[in-house]
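What follows is a short report on a single structure.
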Amino acid sequence: MEHGFFNTSIGDLVAKSGVGTRGAFYHHFKDKAELFRAVFEDVENDLTLRSIATPPPGTDPWERLTSGLHGFLEAATEPAVQRVILVDGPVVLGWQTLREIQEGNSIALINELVREAIAEGIIDDQPVGELTHMLVAALEEASRLVAHAANPARARRRAAKVLDRLLLSFAVAPRKILRR
């Protein structure tokens, strides 16, 4: 779906995938939206693994959190992430389905890191779920800014500086920001 969900036909998918026929396609997927959901879940899983689930060795919850969030922001410069996660995902899947997928994946890991950072006294004690969702919302919006910018690399650098300041505002004491 390199041209996007709405610019890709089932015929295009059949030809590109090599499944042979439309019948073979429909044997595996109810429709194009079901295939897109599988693609979205794949990209979301990969993004989560690269950004948060595999932290740099010897890091604490704060470093894993900051590194992971910066990893997500960096990924916003990748065409596949832009198209699947930021552009087509919300429209094709709808907010509720998209959120269910993320709740079981990236949001769950961010929530865990926020909880650990609070438990270790790195972040001020506050409601974990609310802080997690605020961070995710800020990160998603910053990622969209990067994805739609005329100069994505420059936009990412600028957004990263703002993300750093936001994250540091939650720290009990001055901390370093770990970027990937």
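Each value in this text was obtained by applying a stated rule to the coordinates, not by laboratory testing. Since we're looking at a predicted model, the values are computed, not measured. Here the Cβ is made from the backbone with ideal geometry for all residues, glycine too, and neighbour counts use every protein chain on show.
Here are the numbers for the structure shown:
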| item | result |
| --- | --- |
| 222 nm mean residue ellipticity, helices alone, for the chain (DSSP H n ≥ 4; -39,500 (n - 2.57); rounded to 500) | -20500 deg cm²/dmol |
| Angle in degrees between helix 152-168 and the longest Cα principal axis of the chain, rounded to the nearest 10 | 40 |
| Size of charge dipole - the chain - debye, nearest 20, with Cβ of Lys, Arg +1 and Asp, Glu -1, no other charges | 720 |
| Amide proton proximity set for residue 123, modelled H, under 5 Å, gap of 5+ | 118, 172 |
| Kirkwood Rh, angstrom, the chain [1 / mean 1/r, Cα pairs] | 17.5 |
| Charge dipole (the chain, unit charges on Cβ, about Cα centre) - positive-most of 108, 39, 71 | 71 |
| Relative contact order of the chain, defined on C-alpha pairs under 8 angstrom at six or more residues apart (%) | 26 |
| Virtual spin-label span in nm between residue 53 and residue 165, 7 Å along Cα→Cβ | 3.4 |
| Choice from 71, 104, 58 with maximal GNM fluctuation in the chain (Cα, 10 Å cutoff) | 58 |
| Positive-pole candidate from 118, 129, 56, dipole of the chain, charges at beta carbon | 56 |
| Spin-label zone in the stretch 55-76 - amide nitrogen under 19 Å from a point set 7 Å from the Cα of residue 141 along the C-beta vector | 69-70, 72-74, 76 |
| Distance between modelled label sites at residue 115 and residue 148, nm, 7 Å Cα→Cβ extension | 3.4 |
